[in-house]
Every structure is written in C-alpha cells, then in structure tokens.
Amino acid sequence: ALLVGVNTGCGNTDIANMPRSALDLEGGWLRYERQKNGVMRRIPLWPETVDALRRAIAQRPDPADPADDDLVFLTARGTRYVRVQASKKTADRFVTINALARRFDLILAALNLDGKKGRGFYTLRHVVETIGGDARDQVALNSIMGHSDGTQAGAYRERIADERLQNVVNTIRAWLSGAPQNGGPKS
C-alpha cells in the first residue's frame, strides 16, 4: 500500500476500495476512478510496485464480506482498510474505521517519526503532488492525482500521452531513490 500510495497518489480510501480489476500488472498500469470525485485516472506503475502488488494479492486474506472479493487490500481479518460502521457507543451514529492510517502510524512510531502534525498515509498524496511537479507537466500530474480540470483546455483535451504520465512517476521514483533531479544535486 505504501508503494501504491507514493507511486500513484492514491489516498487511504482509494487504497481501501481499489479493485483488482483496476490493475493491469502485465502492462504496469492502474486504471482507477478517484473515490472522492469520480475522476478516472491512468497511472503507470513502477516495477517494484507491480511486484509488491503481486505479493500482496497472493497473501491477501479471504474477505469477511463476499462483496469485497475483488479488493486488492484487506486487513488480516479480511475487512476493508477504511470502512464505516455503526457506533458501539451512540445509537444512530456511524464511525469511520481507518486501519490503513493506524498501520501507517505504527510504522512512523517504529521509525521515531510519529507525533508530527501533518504526517500520515495521506501525506503521500502531498509528496506525489510536490515531487511530481518537478516533472514540469502539471496537466499529466493533475491527471495522475485525479484532480478535475474545469478549464476550457480540460474540456477539449481528449487524452494525455502515456510518456507524459510515465515521466511524472519516473520523476517521483528518481527522487525517492535519491537520484539527481533535472541536472541538479541528489535529493
């Protein structure tokens, strides 16, 4: 889930609801609608993300709810990582359970990076937007992020070339590996 988050900019709910049918692991693509706004995304996947997804799917527990059978990620109990359920304390109230955020918080605590405001799994979307911007192709980055484009140009735009999308995710991958960016020093 970490690699998917930093490779694609998918947030907690996107990860929790991601169907296996959205993945083309042979071609290395994610085709998936952003949960928040319904914007369809096409995102190239890094080879290490594809490998991690294959391992996660192979080790995935059986779903507690048969409706979740197509999901990529499930908790050890076979439930969605982000779900809404009835409150145990207050009648007619519902609570959101975000097991993905809790797991990420445990990782941060183990690395002594916890306790800082603004650090959580959703921070990976900030990383994708910030570092992806170094590719100098905001249209391609917006597409990856699933941002809606209400401009006139957005109304006319029929496609974004695969190479442009690949350049954005390659820029993020290079930054993550510490490679020099755009002719500059190592990140």
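Loop sites by DSSP among the GluC sites (Glu not before Pro) of the chain, restricted to those with at most 10 other Cβ atoms within 10 angstrom, leave 27-157 as the longest stretch without any of them. Rounded to the nearest 10 degrees, the angle from helix 123-132 to the longest Cα principal axis of the chain is 10 degrees. With a simple spin-label model that places each label point 7 Å from the Cα along the Cα-to-Cβ direction, the separation between THR90 and ARG119 comes to 3.1 nm.
Based on C-alpha pairs under 8 angstrom that are at least 6 apart in sequence, the stretch 51-109 has a relative contact order of 22 percent.
Mean-square fluctuations from a GNM of the chain, with a 10 angstrom spring cutoff on Cα atoms, peak among ALA174, ALA52, ALA67 at ALA67. Considering the chain at the alpha-carbon level, its Rg and Dmax are found to be 17.6, 59 Å. Considering only ARG159, ARG20, ARG77, the mean-square fluctuation computed in a Gaussian network model of the chain, springs between alpha carbons under 10 angstrom, is largest for ARG159.
Tell me the trypsin sites (Lys or Arg not before Pro) within the stretch 78-113 that lie in a loop according to DSSP and have at most 12 other beta-carbon atoms within 10 Å.
Here the trypsin sites (Lys or Arg not before Pro) that fit, given the DSSP loop and packing criteria, are LYS88, LYS89, ARG93.
Entry note, the chain: relative contact order of 24 percent, from Cα contacts under 8 Å with a spacing of 6+ residues. Helix 162-177 and the longest principal axis of the Cα set of the chain meet at an angle near 70°.
Lysine pairs in the chain whose alpha-carbon atoms fall under 29 angstrom of each other, counting only those eight or more residues apart or on distinct chains, come to 8. The modelled label-to-label distance between LEU108 and ALA161, using points 7 Å beyond Cα along the C-beta direction, is 3.9 nm.
Helix 47-59 axis versus longest C-alpha principal axis of the chain: approximately 20°, rounded to the nearest ten.
For ASP24 and VAL127, a Förster radius of 35 Å and the Cβ-Cβ distance give a FRET efficiency of 0.90, rounded to the nearest 0.05. GNM remark for the chain: springs join alpha carbons under 10 Å apart, and the peak mean-square fluctuation among LEU106, LEU30, LEU45 falls on LEU106.
Values quoted throughout were computed directly from the atomic coordinates according to the rules given, and no laboratory measurement underlies them. Model, not experiment: these values are computed from the prediction. Reconstructed Cβ throughout: ideal geometry from the backbone, glycine too, with neighbour counts over all protein chains shown.
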